[in-house]
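Encoded as structure tokens, the structure appears first; notes follow it.
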Amino acid sequence: MSELPNYVALFAVQQNTSDILKQLNLYGNVGLAVDDGYELPEEWFAARGVNKGDLNAAVAVRFPADPYMHVWLYSWRNLDTRKQWPPKFNQIGSRGFTLLFDDVEQELARITRDFPETRILHAPIDIKRKWGLTKSALVLDPDGNFVELISIVGNPLIAKAKPALPHHRSFLHFMVNCLDFEKMLPWYKAFGMAHDAGVDFRPDVGFPTGYDHFMGQMKVFTHGEKNKWTDCHFLRGTRDPSHMHLELLGYAENGKHLKDPGLNPTWFQKGNSWRFCFYMRLQLIFSRHRTVLYKDT
């Protein structure tokens, strides 16, 4: 029997919000439930360049049928709403995400060996969470996005993990706009992720409003030729039974025309986009929050 890869699944995306109660109401209305219970040590905050005393609240939500994926909502006293890059951890929007492993120390050693230029913001620390003692490390990916690496001692979630049924609501993917796609893609694939060919573009199917209408929408989304993406990979691991993917998008001129993230999100901003995609049987679009729920076909 072949050895299982160390990488388990995409586990969370972080979102800094100006009104956490409204966000909880929004996500609660589409079926996400609170999954709380943890204590964050001082070192966790220091590595991210923030102070523990500035955090008003932190709440994790998830779809009940999803085995791993969460959205962590943060409310900060000193929420930074300025447009800027590189990102700050307490900057409005989605500034980082979390990957789950069997052994975070093993993974950190691999990154140090294979990608020695990777910045490590803190070595593994212990965090008490309701699912068990969690070991957490923090690194920056090649573009400068915050990436948390975690493992759970005696991980109870793996044995429970199973695919969502067709009637269940679940995550499909979240999007990362890359400034250096040629570095970002191999960095993430080295975790054990691979492109899911099942989501490849197929021009002859899947257009309930017609192909011409769809291409017209794409023209609006791209805001002209400057922001036309040059490559797209939907990455996932072999051990994750969910629908969840990490969508990496590459752009012409290394994302030269992508906007700095700030108060008003746009599809074409650097780093983690404010666009989450969910799977459900109804089609709903929350344009302000860049949340898209695709129709079940």
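No lab work stands behind these numbers, since they all come straight from the coordinates. Being a predicted model, the structure only gives us computed values, none of them experimental. Here the Cβ positions follow ideal geometry from the backbone for every residue, glycine too, while neighbour counts run over all protein chains shown.
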Given 0.36 nm per residue, what is the gain on full extension from Asp19 to Val34 after removing their alpha carbon distance, in nm?
-> 3.8 nm
How high is the FRET efficiency between Asn51 and Arg110 when r is their beta carbon distance and R₀ equals 41 Å, given to the nearest 0.05?
-> 0.80
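For Cys277, Cys232, what's the fewest-to-most ordering of other Cβ within 10 Å of each Cβ?
Listing Cys277, Cys232 from fewest to most nearby Cβ atoms yields Cys232, Cys277.
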Please find the FRET efficiency linking Lys189 to Asp260, where r is the Cβ-Cβ separation and R0 is fixed at 35 Å, and quote it to the nearest 0.05.
-> 0.85
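Need one number: convex hull volume per residue for segment 1-144, Cα atoms only, in Å³.
Residue-normalised Cα hull volume stands at 129 Å³.
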Among all the aspartates and glutamates, which ones have a C-alpha under 15 Å from Lys88's C-alpha, if same-chain residues fewer than 8 places away are not counted?
-> Asp54, Asp80, Asp141, Asp143, Glu148, Asp260
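What ranking do 37-49, 235-247 get when scored by the average of other Cβ atoms within 10 Å per residue, highest first?
235-247, 37-49
Going by a ≥ b ≥ c, the root eigenvalues of the Cα gyration tensor, does segment 59-200 fall in the rounded group (a/c under 1.5), the prolate group (a/b larger than b/c) or the oblate group?
Details: a/c = 1.22, a/b = 1.17, b/c = 1.04.
Verdict is rounded for segment 59-200.
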Within 10 Å, count the other beta carbons around each residue, average over each peptide in 173-179, 259-265, 119-125, and list them highest first.
-> 173-179, 259-265, 119-125
Ranked from fewest to most other Cβ atoms within 10 Å of their own Cβ, Ser136, Ser94 fall in the order Ser136, Ser94
About the Cα centre, charge dipole magnitude for segment 1-159 (Lys/Arg +1, Asp/Glu -1 at Cβ), debye = 560 debye
Would you mind ranking Leu4, Leu249 by Cβ crowding within 10 Å, fewest neighbours first?
-> Leu4, Leu249
Can you give the Kirkwood hydrodynamic radius for segment 131-179, in Å, rounded to one decimal and based on Cα pairs?
-> 14.0 Å
